[in-house]
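A quick write-up on the structure given underneath.
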Amino acid sequence: MNQRSGDGDRDDTVSTRRDSAPRHGRIRARMLSVDAWVDTMLWRVLTGLRTGLEGYSAWLRRFRARGFGRVAAELGSDGLTFGLLGLVLMLVLAQDAFEQTERADWRTTEDFSVTFLDRFGNEVGHRGILLNDTVPLEEIPDYLVKATLATEDRRFFSHFGIDVMGTFRAMVENLRARTVVQGGSSLTQQLAKNLFLSNERTLKRKINEAFLALWLEMNLSKREILKLYLDRAYMGGGTFGVAAASEFYFGKNVRELSLAEAAMLAGLFKAPTKYAPHVNLPAARARANEVLTNMVQAGFMTEGQVIGARRNPAVAIDRSKERSPDYFLDYAFNQLKELARTHPRLANDRIVTVRTTLDPGLQRQAERATLDTLRQYGARYRVEEAAVAVVVPETGAVRAMVGGKDYGASQFNRAVDALRQPGSSFKPFVYITAFMNGYKPSSVVPDAPITIGGWSPRNYGRSYAGAVTLKTALTKSINTVPVRLAQALGRDKIVDNAHHMGLTSELPITRALPLGVAEVRVLDMASAYSVFANDGLRVPPTPILEVRDSNGETIYDLSRDRPVPERVITREASEEMNDVLVNVIEHGTGRRARVPGVTAAGKTGTTQAYRDAWFVGYTGNYAAAVWFGNDDFTSTGRMTGGSLPAMTWQSIMEYAHNGIELKPMPGVDAAPGGTDPALVAGATRSGDRPRLLREPSMEVLTGIGARLEAIGKRAALAPAGGAAGSIE
């Protein structure tokens, strides 16, 4: 049985093998047929393509160009090819500009009409431009529109956004003069720059400007473009748009302008700072006369129609005696626009009234102290610019701001926008990091030569003190000690602490970082130092107390909406730093910053080659930063932070603490001389008392007092403490 069963199994296996052989043969045949079909189809396709190409070539031979025609065809073909490549390249470069047009509110991004009040509710200035429906284009005087077109873009209604003829003409004139004497941008291009771009002079910006001009022409009518241009152009004096400029320069509604006044306004588009009538009336009148000539040449008016305006030029309001805090208002205006991003109600109603943190008396003193210092010592120290920021530590309120010596000459705000090296005024960020990591002011660190990767920092005077305490090292502004601390702590920790305390600029982690070889802003330094005065709590700076809409309803209230103070350094470390920085003013490089009867702390700073000089300090009531230097980064006449900056800081702080309750500084005893911190200082401040003298008399007496004080200090003035080889 077993044998037969086995035989049966073998018979089944043989049968299966016989059945599988034909199956394999069929699969092989099918594969061969598919292969043959693929080969045939490929051959037919290639043959068809070859035949088609031969036929197409034969057809093209009928149009073969010879001689000059062939040269023209070749050049045209190459030109088209390279033109397309260039177009693609420019489109790539313009992508970042086009992304800005995706914002739904690009027409009204900056369309605020703002009335600013000081902290006491008194009006101090205006910013912004009028809304599009406030003064319709039809109600703007016809001769103002014609003056604008005749001067800025005569072919505005005929070109497609780029005036090719005007650009070519400007290039020819600039080549003849070997300098830039004419601009080739159309009115639409200028609007594109105002709406979306900056004023930087780069090829990329010009490419973006051209493409955005084309985009505007496709999305807006000519009249809409013209209206936006008249509303958005900067007109000098902190005003934007012809309507605001009319009110500022002539004190009248734009609808009431005369031809002479319209010509003067149209002359501002080219260079508002240079031709602003409240700054240089003769230059403004000469420019207005050129505008009248342009109107005649363009055929918009006859000589007889403009002769009256030539003989009776416009008279602008005399604002030479006005002291508008323009740098502060620009800063507050920008902060308002930032605030609008988090408060939707500001996006719906942009005619607002803003009560600011500005103290007008302190603002005038900050301006007076800065300008007096520059007038008396600017030539001696070869310094031309300065910046100041004063903040309240507990609330972050910005009480005063000086962004430069002359807003009319330059609107660049050096207190907010300029990046300058802080020198040794950066060292407290190193020491506070050390105090938060186990070091004490009494800790001893050697002041001795140190080399890191071939770099060797040196002290001022090229000498070394040996073993010193951290308190002594910071008081004398020794350079090697903070470098050693940074090596031990890690520079990244120092950068983190500096950012948490309020510095917003990038701080490259380099070997020289502990000595202030980085770039910071004046306002940031004042805000960061205020953390020491506020017992280690950080409150961001703000210029805005309250915002009300056109109906008088409160949109924003700082007391209600302010952020919760953030603890960024320990209370113990803050008190230790206060003790050390008070010693800097009492016995170190900041002696000229002493304020009689007030406990003050601070640090001087002087950068490489004496390019920047700083004094940053604070009391229990205020924190302030003062910077002196030159916009072109040229060296000063060996000016240090312990000279002009410290003197200016002292003058501002002495005024600021007159007539207020003195707050104690955390961790520090009462001010030298036994002054009770709760004592109210002698005289009360202007703004808090009845006026006994008229404003002009008060200003004269105050000015005389400041000059007498300066004369008393002049004899003792000499460069004190400085950069050791590179940095103080």
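Some points to look at:
- Cα gyration tensor shape of the stretch 189-242, rounded if a/c is under 1.5, else prolate or oblate by comparing a/b with b/c: oblate
- Packing order of peptides 560-571, 606-617, 365-376, highest average first: 606-617, 365-376, 560-571 (average count of other Cβ atoms within 10 Å over each peptide's residues).
- The stretch 434-493 shape via C-alpha gyration tensor axes, a/c threshold 1.5: oblate
- 10 Å beta-carbon shell around ALA601, net charge (K/R +1, D/E -1): -1
- If you look at the Cα atoms of the stretch 464-536, you get an Rg and a Dmax of 13.0, 36 Å.
- SER463 paired with ARG310, simple spin-label distance in nm, labels 7 Å along Cα-to-beta-carbon: 7.5
- Order by protection proxy (mean Cβ within 10 Å, highest first), peptides 412-422, 500-510, 446-456, 48-58: 412-422, 500-510, 446-456, 48-58
- ARG61 paired with VAL444, simple spin-label distance in nm, labels 7 Å along Cα-to-beta-carbon: 10.3
- Label zone at HIS500 (point 7 Å along Cα-to-Cβ), backbone N below 20 Å, the stretch 529-559: 529-541
- Linear extension gain, SER324 paired with SER77, 0.36 nm per residue minus alpha-carbon span: 82.8 nm
- Environment charge of GLY536, counting only residues whose C-beta is closer than 10 Å and scoring Lys/Arg +1, Asp/Glu -1: -1
- Segment GLU338-GLN487, length gained on full extension (0.36 nm per residue, minus Cα span): 49.8 nm
- If you take the Cα centroid of the stretch 358-403 and the Cα centroid of the stretch 620-650, the two points sit 10 Å apart.
- Gain on full stretching of the segment that runs from ASP39 to SER635 - 0.36 nm per residue minus C-alpha separation: 206.4 nm
- Rounded accessible area per residue of the stretch 596-661, 1.4 Å, Å²: 22
- Overall, the anisotropy analysis places the stretch 409-560 in the prolate class: the square-rooted eigenvalues a ≥ b ≥ c of its C-alpha gyration tensor yield a/c not less than 1.5, with a/b exceeding b/c.
- Rough spin-label spacing in nm, given labels placed 7 Å along Cα→Cβ, for VAL296 and ALA29: 10.5
- Pairs beyond 30 Å (Cα-Cα), from LYS206/LYS252; LYS193/LYS427; LYS193/LYS405; LYS337/LYS405; LYS227/LYS337: LYS206/LYS252; LYS193/LYS427
- Percent carbon-and-sulfur accessible area, the stretch 189-284, ignoring ligands, DNA and RNA, probe 1.4 Å: 53
- Neighbour net charge for LEU485 - beta-carbon separation under 11 angstrom, K R +1, D E -1: +4
- Most tightly packed first, judged by the mean number of other beta-carbon atoms within 10 Å of their residues, the peptides 512-524, 75-87 read 512-524, 75-87.
- For ARG382 and ASP417, the FRET efficiency from 1/(1 + (r/R0)^6), where r spans their Cβ atoms and R0 equals 25 Å, is about 0.60.
- Across SER113, SER33, the residue with the most accessible area heads the list, and the full order at a 1.4 Å probe is SER33, SER113.
- Close amide H contacts of VAL520 (hydrogens built in the peptide plane, cut-off under 5 Å, sequence separation of 5 or more or a different chain): ARG420, GLN421.
- Around the Cα centre of the stretch 436-516, unit charges on the Cβ atoms of Lys, Arg, Asp and Glu (plus for the first two, minus for the last two) sum to a dipole of about 280 debye.
- Averaged per residue, the stretch 298-371 has 49 square angstrom of accessible surface, using a 1.4 angstrom probe with ligands and nucleic acids left out.
The values are calculated or read from the model by the stated rules, or taken from the named source; none is laboratory data. These numbers were taken from a predicted model, which means no experiment stands behind them. With ideal geometry, Cβ positions are generated from the backbone for all residues, glycine too; neighbour counts draw on all protein chains shown. SASA here: full protein model, heavy atoms, side chains in, ligands and nucleic acids out. Shrake-Rupley method; radii C 1.70, N 1.55, O 1.52, S 1.80 Å.
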